[in-house]
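The values are calculated or read from the model by the stated rules, or taken from the named source; none is laboratory data. Predicted model, so just to flag it, every value in this text is computed and none were measured. Glycine also receives a Cβ, built like all others from the backbone with ideal geometry; neighbour counts cover every protein chain displayed. With ligands, DNA and RNA removed, areas are computed over all heavy atoms of the protein, side chains included. Shrake-Rupley method; radii C 1.70, N 1.55, O 1.52, S 1.80 Å.
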Amino acid sequence: RLKPGDEVIVPSLTFVASVQAILMVGAKPVYCEVSEDTLNIDIKDLQTKITKKTKVIMPVHYGGTVCDMDSLMKIARKHKLTIVEDASHAFGSTYHGKKVGSFGHLTCFSFDPIKNITCGEGGAVATNNEKLAELIRTKRILGINNDTWSRYKRERNWFYNVTELGFRYHMSDINAAIGLEQLKRMSQFRSKKMKILKDYDKAFKNTKGLKLIDHDYKELFPFFYIIRVLNHKRDHLMSFLKERGIITGVHYIPNHLHPFIKPSHKKLPVTDQL
């Protein structure tokens, strides 16, 4: 378990939820750069940030494109680190033919209304560590060691123990039911989003002043579509599109620039530019 003073390496170019999870346990986020081509974690810069205090690497599969997990797992084995994947964007994406959630130590998914599939709200954690899975199951319901359903199978169905500090993180049956129905339509959702992505790629490929992000059509379940606007024309283009009923956004304001989160002592020129 992470302790105050432990370090977690994470890209600054991610939603604030990634970093707040680190801060909530008292650990220290150490920001690393991302690749200009994929917006995923920069493996070379990551390696310069590893110290004796480093315990976890948190790659973010940006926009659904999976990070270089072979290199990340190799680094984790070498330094005896844990990989906690932020796969909020990447449900349904694959890496070398394997689904996200099947190759790291811990993989965190999000199923809020804008994700690839939704439960209305909520998320899930995937792990192949049974001991860790049991700890998460206990923590999700206020540290109670048996949920209501399992207790009612027993003679003393009113009895329970609180064995951990926990939270109300369990998904409701109603939200889960929505998610199960969404799963049946995954291929339909992916096909529609892939067509849109390919249409955009084709349309913008030779557009002066834009730079596209690298996509692997075979392995990607796209979350959103990102373009890089060159020559400091981003805000002008956003205003131009808004006047024509096309809404765009900036993803994301880097975490090291937020007032609540202490600035990184290291410069992140690539992240700042992106």
Open item on the list: Given 4 °C and 1.567 mPa s, compute D for the chain with the Stokes-Einstein relation, Rh being the Kirkwood radius over Cα pairs; round to the nearest whole µm²/s.
Closed with: 63 µm²/s
- [ ] Round to a whole angstrom and tell me the spacing of the C-alpha centers of segment 202-260 and segment 54-84.
- [x] 25 Å
TODO: Extending each Cα 7 Å along its Cβ direction at Lys266 and Lys74, get the distance between those two points in nm, one decimal.
DONE: 1.9 nm
TODO: For Tyr95, enumerate residues with amide H under 5 Å from its amide H, sequence gap 5+ or separate chain, H modeled in the peptide plane.
DONE: Val100
- [ ] Pairs of Cα atoms under 8 Å, at least six residues apart: use those to get the relative contact order of segment 146-274, whole percent.
- [x] 12 percent
Open item on the list: Just to be sure I understand: of the beta bridges DSSP finds with both ends in the chain, what percent are antiparallel, rounded to 5?
Closed with: 50 percent
TODO: Mind pulling the angle between the C-alpha long axis of helix 130-139 and the longest principal axis of the chain? Nearest 10 degrees, somewhere in 0 to 90.
DONE: 80 degrees
TODO: For helix 69-79, report the angle its Cα long axis makes with the longest principal axis of the Cα atoms of the chain; keep it between 0 and 90° and round to the nearest 10°.
DONE: 60 degrees
Task: the chain - percent relative contact order, Cα under 8 Å, separation 6 or more - done: 19 percent
Open item on the list: With the crude spin-label approximation of a point 7 Å out along Cα→Cβ, what separation in nm comes out for Ile253 versus Asp6?
Closed with: 3.0 nm
Open item on the list: Ignoring everything except DSSP H segments at least 4 long, calculate the 222 nm mean residue ellipticity for the chain; use -39,500 (n - 2.57) per segment, divide by total residues, nearest 500.
Closed with: -9000 deg cm²/dmol
- [ ] Any aspartates and glutamates with Cα under 20 Å of the Lys115 Cα? List them, leaving off those in the same chain fewer than 8 positions away.
- [x] Glu85, Asp86, Asp173, Glu181, Asp216, Glu219
Task: Accessible surface, per residue, of the chain when the full set of protein chains is kept, probe 1.4 Å, Å² - done: 62 Å²
Open item on the list: For Met24, what accessible surface area do you get with a 1.4 Å probe? Give it in Å², rounded to 10.
Closed with: 140 Å²
Task: Kirkwood Rh in Å, taken over segment 2-103 so that all alpha-carbon pairs contribute - done: 13.6 Å
Task: Loop trypsin sites (Lys or Arg not before Pro), segment 57-152, which have at most 15 other Cβ atoms in a 10 Å radius of their Cβ (DSSP) - done: Lys80
Task: Of all accessible heavy-atom area on the chain, the percent that carbon and sulfur account for (1.4 Å) - done: 56 percent
